[in-house]
Amino acid sequence: MKIEDLIVQPSVWLGNADDSDVIVSSRVRLARNIRGEAFPHKARVEDSVRLWERLQSAICGLPSMDKSMSVEMDSLSWTYRHVLRERHLISIEQSEKGKGSGLILKHDESIAIMVNEEDHLRMQALSSGLALKAIWQKIDEVDSELEQNVNYAFSRRLGYLTACPSNVGTGLRASAMLHLPALNLLNEMGPVIKGLTRIGLAVRGLLGEGTEASGNMFQISNQTTLGESEASIVERLTDVVTEVAGHEKNARVRLAEQRKVFLKDYVGRAYGVMVNAHLLSSRELLDLLSAMRLGVDVGIVRNVSMPLIHELMLLTQPGHMQMMAKRELSPEERDQMRAQVTREKFKKLSIEI
């Protein structure tokens with residue numbers, strides 16, 4: 001498998017699970033380090049290269065990582081790095097790394113392992129819908145297999161040792177991506193975010209830490225990794241995410257029943273822009289697709305499939321478009337191509353609003 005192959009397959013986080021109308025995806029990530037090795041930000045290049053080669057060999061030989069590919073970051077162009085980021089397979093920090101840092105990826109994108117990012121290992125499992133427990137068990141299997149071949153930096157008192165103190169303990173970050181347009185339209189997201197923060201959870205945007213909630217997509221994740229078991233973290237987050245999804249579904253019902261004309265206007269305007277615009281920024285299109293997705297979910301938009309919306313969400317991101325164009329595009333060229341692709345996709349449909 002090559003990186004070019006990724007754009008011809010749907011992303012694993014944008015699937016069609018039964019509950020993905022609100023809970024778009026789930027992710028569980030484990031941070032691990034190798035005993036006796038300097039953390040990546042302190043390591044010499046030659047030590048990072050040596051560790052990358054050692055870990056690459058060990059990981060690719062695991063039974064749970066059968067049919068995987070591996071790439072070193074310094075071999076990847078700007079476009080490839082962005083494609084991997086846009087598919088939630090590497091972090092912003094990893095996309096800026098060079099020699100001695102890399103990615104090992106399962107062919108279906110369900111498991112991605114970053115080597116020499118902030119920690120020696122950042123191992124993640126990804127799925128559509130609410131599947132935190134299932135994917136935690138999947139990445140825990142990889143973790144257990146790998147621990148048979150390497151010695152982790154571990155303290156009996158503190159747990160797993162990490163480059164950032166906030167990850168010490170379990171080293172586990174679980175998160176769920178939720179589409180919450182109705183709560184936003186009813187101006188109820190503020191209290192929700194405050195409530196989540198009060199109970200020790202973090203709320204971030206579409207591409208994680210430091211990003212805004214484009215397209216009404218919000219990531220909810222745990223912040224505490226010390227003093228709580230992995231199972232407990234996953235269970236607690238699952239309960240909270242389920243509750244927030246319930247609030248969003250209730251808000252959608254209220255919008256459809258009490259403000260139906262407003263809702264139809266909101267969705268109709270989005271559709272009007274998408275079939276007539278000749279320049280669309282990435283942020284603007286995500287917001288427009290969010291409106292169309294809401295319209296599909298509440299039943300006021302017909303003849304639009306969720307896979308089409310998912311396809312546009314990914315293929316109109318900068319990295320994916322440049323890979324399709326097979327050349328670098330200026331920001332204006334990307335905005336023009338994004339609008340053209342969107343017009344062509346939607347004008348083929350007989351849409352009822």
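The values are calculated or read from the model by the stated rules, or taken from the named source; none is laboratory data. None of these values were measured; they are calculated from a predicted model. Cβ placement follows ideal geometry from the backbone for every residue including glycine, while neighbour counts extend to all protein chains displayed.
How many residues does the range 60-90 contain that are within 16 Å of residue 108 (Cβ to Cβ), more than 19 Å from the chain's Cα centre (by Cα) and not polar (S, T, N, Q)?
Count: 7.
Among (1) touching an Asp or Glu at 6+ places or on another chain (Cβ under 6 Å); (2) under 30 Å from residue 252 (Cβ atoms), where does residue 31 come up short?
Among (1) touching an Asp or Glu at 6+ places or on another chain (Cβ under 6 Å); (2) under 30 Å from residue 252 (Cβ atoms), the lone unmet condition for residue 31 is (2).
Please find, among 53, 72, the residue that is surrounded by fewer than 20 Cβ atoms within 10 Å (Cβ to Cβ), at pLDDT 95 or above and in contact with a Gly (Cβ under 6 Å, 6 or more places away or on another chain).
That would be 72, the only listed residue that is surrounded by fewer than 20 Cβ atoms within 10 Å (Cβ to Cβ), at pLDDT 95 or above and in contact with a Gly (Cβ under 6 Å, 6 or more places away or on another chain).
Taking the range 1-46 as the search range and keeping residues that are hydrophobic (A, V, I, L, M, F, W, C) and assigned to a helix (DSSP H, G or I), which one is surrounded by the most Cβ atoms within 10 Å (Cβ to Cβ)?
6
Return the residues of the range 138-167 that are surrounded by 14 or more Cβ atoms within 10 Å (Cβ to Cβ) and not hydrophobic (A, V, I, L, M, F, W, C); say none if nothing qualifies.
138, 140, 141, 143, 145, 152, 159, 160, 162, 167
List the helices (runs of 4 or more DSSP H) that sit entirely inside the range 286-353 and contain at least 1 residues that are in contact with a Pro (Cβ under 7 Å, 6 or more places away or on another chain).
Those helices (runs of 4 or more DSSP H) span 306-315, 331-347.
Here are some conditions: (1) surrounded by fewer than 24 Cβ atoms within 10 Å (Cβ to Cβ); (2) in a loop (DSSP other than H, G, I, E, B). Residue 119 meets all but one. Which one does it not meet?
Against the list (1) surrounded by fewer than 24 Cβ atoms within 10 Å (Cβ to Cβ); (2) in a loop (DSSP other than H, G, I, E, B), residue 119 comes up short only on (1).
Condition first: β-branched (Val, Ile, Thr) and either surrounded by 15 or more Cβ atoms within 10 Å (Cβ to Cβ) or at positive phi (or both). Now tell me which residues in the range 75-99 satisfy that. Talk me through it step by step, then tell me what you get.
Filtering the range 75-99 for residues β-branched (Val, Ile, Thr) gives 79, 83, 90, 92.
Of everything in the range 75-99, those that are β-branched (Val, Ile, Thr) and either surrounded by 15 or more Cβ atoms within 10 Å (Cβ to Cβ) or at positive phi (or both) turn out to be 79, 83, 90.
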